[in-house]
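Structure, as structure tokens:
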Amino acid sequence: MDPEDSLGTTSPKRQRTAPNTTRHSRQQSEISQPPPTKKEPRNVPQPDKYDGSSAKLKAFLNDVATGFEPMPVTYETANDKILYLGALLTDSAKTWYLANEQDCKPDPLSGWTV
């Protein structure tokens, strides 16, 4: 029988030690965490729509490229950038984009048999 003090608790000589949590902590730290994402601004101004005018092309491309810089996660891939750029096109530029967009997409039914 364990000796008890006046409060009814076990004496320090016989107290149990706390369970070892080092192993658990180590396992948690070994779990690969995704890298912290850079917080991107929400108020990046959108470029003006582009209608296909050769006089406005250089300024439009500069505005779009400037918009991509502070948002590397949002516009991570070339496809992300192209889709965004396509949404900014109007008139003859949009007609050209839509005609060429279909040529760049893989056929979703390729490899299927009837």
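Values in this text are rule-based calculations from the coordinates and carry no lab data. Quantities reported herein were computed from a predicted structural model and do not represent experimental measurements. A quick note on method: Cβ atoms are made from the backbone with ideal geometry, for glycine too, and the neighbour counts reach across all protein chains shown.
Please check which bits of the stretch 60-99 a label hung off residue 51 would reach, taking the label as a point 7 Å along Cα-to-C-beta and the cut-off as backbone N under 17 Å. From the stretch 60-99, the list is 60-61, 88-97. Amide H to amide H distances under 5 Å link residue 50 with 89, 90, where only residues 5 or more positions off or on other chains count and H is placed in the peptide plane.
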